[in-house]
Amino acid sequence: MSRPPARLDLGALSLARGGHLLLRKALLALPAGGTLEVVGADPELPVHARALARAWGAPFHPHDATVVLGAPVTPEGRWRGAVRSGAPGQVVAEPPATWGLAARGAAVEAGSPAFRFPWSRRDEVWTDEAGRLYLQAAAAQWDPVTAVPWATGFDLPDEVEDAVVQLMTYLVENEVAALLVPARFCAQVHPHFREIVQLLAIQAADEARHIEVFTRRALLRRPAPALSTAGGQASLQTLVEEPDFALASFLTSVLGEGSFLTLLRFLDHHAPDPVTAAVCRLAAQDEARHVAFGVAHLERHARLDPTLRLRLAAAVERRHDALRHTAGLNEEVFDALVVVAAGAWTPDALRRGWDAVVALQEEMDVGRRVRLRRLGFEEADAARLSGLHTRNFM
Amino acid sequence: MRPFVLGAVAYDPKVVTIWDGFKEFFDARGLAFDYVLFHNYERQVRAHFAGVVDVAWNSPLAWIQADRVARGRGRRARAVAMRDTDCDLTSVVVVSADDGAQGALDLAGRRIGVGAGDSPQATLLPLWSLGRAGLDLAATTVVRHDVLLGKHGDHVGGERLAAQALLRGEVDAACILDGNLLTFAAEGTLPADRVRVIHTTPAYDHCNFTVLDGVDEAVVDHFTALLLGMSWDDPGVRRLMDLEGLRAWRPGRTSGYLALEAAVDRFGTLDAFLASM
Ligand SMILES: [Fe+2]
Ligand SMILES: [Fe+2]
């Protein structure tokens, strides 16, 4: 004896205007071999029900005023064989390539395509700090137009204004390098590590704002930026072209942006005008996060892989060798720093500026050594590696 | 040894993806397979009789062409498999929601928008069905939308043009496959509240895999068994089945082509082709 059919009354709702949702739900609820009688006021119900049944692989039996449908041949549909891509709050050690772009913890349909993400191992990219740092970064986004007192009047000697423009020119190209590095790895880290991808993305966005405000300051009183040097670009090229995630973040974030953090605070402190002070202070806030992320994930990585420190040290040495025949920090930038720190074109001021820049370099060295120690380097190694860091600062 | 060669009509670039995928599927299961793409079904049917292909993925109209040519030559054509979605289709005739027409007879003297002249679903079957319901077709104006003639309406473009012509008031009725009525409603081409179905054709069948007598039956059996064994639940083949638009393969049947047989007889659709064979 066959079971009486279940019944679905669509009322006035057309299957072509959302009624298919009710129909599918009712069909999926059928027991094996069960049937569903569908009634409704829409005269086109049989036409649409037939087309839907065919598309869903459900048996279809037309009657005069109603239609009867059977359970679809593949009731589980695309959920069958789907695998959970981990759990929302937990990252796995090696997410499969076929999890692709799926939200962490989503059911991924079987047969989904494999993506190629070179950085797919938790130990190479992860830090528990990433989620917190991302939210902090998202909350700290400032508007380049309103966050800086662009319209404030100030009067600088020509020599000092020229020095500011030279520094901004130097800062811009460094910021471009600092944008390209996270942007590239953002597209290479497995999206299972969502927080890392988010953090790299917002880091790139931070650098875009830095480029914006440094460019604006450069052009505030002068028609064009100043000199971009071969040595400076050669130093940055080694960062942009470093293919390894750990080595690139070490050189760029820990050593480079770490030194930059000191530099930007120095410029904030010694700035000869309120606009220069503001752009450097705002950029420094962001840089502190960039450095914190680099230190956090490399600290974890180095703890899990004791050979990492050897590779990091070798990378500093390699970069030093590669840059040995370049000029390092160019004269123009160094002199500009002295003049900016002097704030005036007088012998007394220039001497003060000179002393301040010498002290700045010592301060940078101290900062680098502290961060190297955090990554587990011995004091002597930290001192040696800090000394080998590029004279271009970044 | 020559592989088992399939013929298919290239009505869309995805056809290459589909048959490349099937080639991989058959090859991996011990059936040496190859395929040839044709611009139009007439060329494919000719090539089938010339022995260029062993099996043809035929539109319903191409099936009748092959069947009739075979009969005329004392040979035999056979449908060995089809998609579940090829069975029991209907086409509908729609008018504007505010049109007074209630049925086929109310279209007397009016303009009927159809798809390509060789489309079973968007032209031949609905016109035949309207005529059978008593409409004097000679007293109507049939407006054809000949997108990609030779592809027997596989390309949905002709139907979409007919639907758009209806909304613009250039025709009084449009002939559309039942499933496309839902598609057009969902994509906004033909909002559900703007049109009304006034006529539905009897159910009919669509494509099939056709073989001719003389083919190696053992290979055909292997081919058919592999097809019928495909499961949509198997993620390895689901992509192919999705592309080809089916949930399950079924053994071929030819009982669903009677209406189209009657339509082509009535309109003389195949006379020139059959005379040329
Ligand atoms: Fe920056
Ligand atoms: Fe940065």
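The values are calculated or read from the model by the stated rules, or taken from the named source; none is laboratory data. This is a predicted model, so every value here is computed, not measured. Cβ sites come from the backbone with ideal geometry, for glycine too, and all protein chains shown count toward neighbours. Keep in mind that these areas ignore ligands, DNA and RNA; they rest on the heavy atoms of the full protein, side chains included. Shrake-Rupley method; radii C 1.70, N 1.55, O 1.52, S 1.80 Å.
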Exercise. Has the stretch A:292-305 got any residue that is within 13 Å of ligand 1 (Cβ to nearest atom), assigned to a helix (DSSP H, G or I), surrounded by fewer than 24 Cβ atoms within 10 Å (Cβ to Cβ) and free of Cβ contacts under 8 Å to residues at least 60 places away in the same chain?
Worked result: no
For this session: Tell me, yes or no, whether the stretch B:193-207 has at least one residue that is of a type in the set (Phe, Trp, Tyr), within 18 Å of the chain's Cα centre (by Cα) and away from every other protein chain (no Cβ under 14 Å).
Result: no
For this session: Give the number of residues within the stretch A:1-27 that are outside any helix (DSSP H, G or I) and facing chain B (nearest Cβ under 8 Å).
Result: 1
Exercise. Which residues, counting only those in the stretch B:96-112, are more than 14 Å from chain A (Cβ to nearest Cβ), touching a residue at least 60 places away in the same chain (Cβ under 8 Å) and under 21 Å from B:ALA185 (Cβ atoms)?
Worked result: B:SER96, B:ASP99, B:ILE112
Exercise. Can you pull out the residues in the stretch A:244-287 that are open to solvent by less than 10 Å² (accessible area, probe 1.4 Å) and of a type in the set (Val, Ile, Thr)?
Worked result: A:THR252, A:VAL254, A:VAL275, A:THR276, A:VAL279
Seminar exercise, completed: Those residues of the stretch B:60-95 which are within 14 Å of another protein chain (Cβ to nearest Cβ) and not in a loop (DSSP other than H, G, I, E, B) amount to B:MET82, B:ARG83, B:ASP84, B:THR85, B:ASP86, B:LEU89, B:SER91, B:VAL92, B:VAL93, B:VAL94, B:VAL95
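Residue-by-condition table, conditions (1) within 26 Å of the chain's Cα centre (by Cα); (2) open to solvent by less than 30 Å² (accessible area, probe 1.4 Å):
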site: A:LEU310; (1), (2): no, no
site: A:VAL316; (1), (2): yes, yes
site: A:LEU337; (1), (2): no, yes
site: A:ALA342; (1), (2): no, yes
site: A:ALA349; (1), (2): no, yes
site: A:GLY353; (1), (2): no, yes
site: A:ARG374; (1), (2): yes, no
site: A:LEU388; (1), (2): no, no
For this session: Mind listing just one residue for me: the one in the stretch A:28-50 that is open to solvent by less than 30 Å² (accessible area, probe 1.4 Å) and either more than 14 Å from every other protein chain (Cβ to nearest Cβ) or among the charged types (D, E, K, R) (or both) and, of those, nearest to B:PRO202 (Cα to Cα)?
Result: A:GLU44
For this session: Would you confirm whether any residue within the stretch B:244-262 is surrounded by fewer than 16 Cβ atoms within 10 Å (Cβ to Cβ), within 14 Å of another protein chain (Cβ to nearest Cβ), closer than 29 Å to B:PRO3 by Cβ and not basic (Lys, Arg)?
Result: yes
Problem set entry | Selected residue (criterion: nearest to A:PRO96 (Cα to Cα)) from residues of the stretch A:31-82 that are among the polar types (S, T, N, Q) and at pLDDT below 90 | A:THR74
For this session: Only residues that are more than 14 Å from every other protein chain (Cβ to nearest Cβ), open to solvent by less than 20 Å² (accessible area, probe 1.4 Å) and in a loop (DSSP other than H, G, I, E, B): list them for the stretch B:165-192, please.
Result: B:VAL171
Exercise. So is A:GLY111 away from ligand 1 (no atom under 13 Å from the Cβ), assigned by TED's automatic domain parsing to the domain that holds A:ARG281 and not charged (D, E, K, R) or not?
Worked result: no
Exercise. Has the stretch B:219-232 got any residue that is modelled with pLDDT under 95 and outside any strand (DSSP E or B)?
Worked result: yes
Problem set entry | Selected residue [within 23 Å of B:ARG238 (Cβ to Cβ), surrounded by 21 or more Cβ atoms within 10 Å (Cβ to Cβ) and outside the structural domain of B:ALA165 (by TED's automatic domain parsing)] from B:ALA66, B:ALA81 | B:ALA81
Seminar exercise, completed: By residue number, the members of the stretch B:231-243 that are more than 9 Å from chain A (Cβ to nearest Cβ) and hydrophobic (A, V, I, L, M, F, W, C) are B:LEU240, B:MET241, B:LEU243
Exercise. For the stretch A:51-93, what are the residues that are open to solvent by 30 Å² or more (accessible area, probe 1.4 Å), in a loop (DSSP other than H, G, I, E, B) and within 8 Å of chain B (Cβ to nearest Cβ)?
Worked result: A:VAL73, A:GLU76, A:ARG80, A:GLY81
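Assess whether A:GLU241 counts as being away from chain B (no Cβ under 14 Å) and within 14 Å of ligand 1 (Cβ to nearest atom).
Details: away from chain B (no Cβ under 14 Å): yes; within 14 Å of ligand 1 (Cβ to nearest atom): no.
Spelling it out, it is not the case that A:GLU241 is away from chain B (no Cβ under 14 Å) and within 14 Å of ligand 1 (Cβ to nearest atom).
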For this session: Assess whether A:ALA218 counts as being within 16 Å of ligand 2 (Cβ to nearest atom) and among the small types (Gly, Ala, Ser).
Result: no
Problem set entry | Subset tally (residues that are within 9 Å of ligand 1 (Cβ to nearest atom) and either open to solvent by less than 20 Å² (accessible area, probe 1.4 Å) or in contact with a His (Cβ under 9 Å, 6 or more places away or on another chain) (or both)) for the stretch A:201-213 | 4
For this session: From (1) open to solvent by 50 Å² or more (accessible area, probe 1.4 Å); (2) among the hydroxyl-bearing types (Ser, Thr, Tyr); (3) in the same structural domain as A:PRO191 (by TED's automatic domain parsing), pick out the condition that doesn't hold for A:THR127.
Result: (1)
For this session: Just give me the residues in the stretch B:189-239 being of a type in the set (D, E, K, R) and either touching a residue at least 12 places away in the same chain (Cβ under 8 Å) or over 25 Å from A:GLY77 (Cβ atoms) (or both), in sequence order.
Result: B:ASP193, B:ARG194, B:ARG196, B:ASP205, B:ASP213, B:ASP216, B:GLU217, B:ASP221, B:ARG239
Seminar exercise, completed: Considering residues that are away from ligand 2 (no atom under 13 Å from the Cβ) and open to solvent by 30 Å² or more (accessible area, probe 1.4 Å), the number found within the stretch A:180-200 is 8
Problem set entry | Residue within the stretch A:161-179 that is surrounded by fewer than 17 Cβ atoms within 10 Å (Cβ to Cβ), more than 16 Å from ligand 2 (Cβ to nearest atom), away from chain B (no Cβ under 14 Å) and hydroxyl-bearing (Ser, Thr, Tyr) present | no
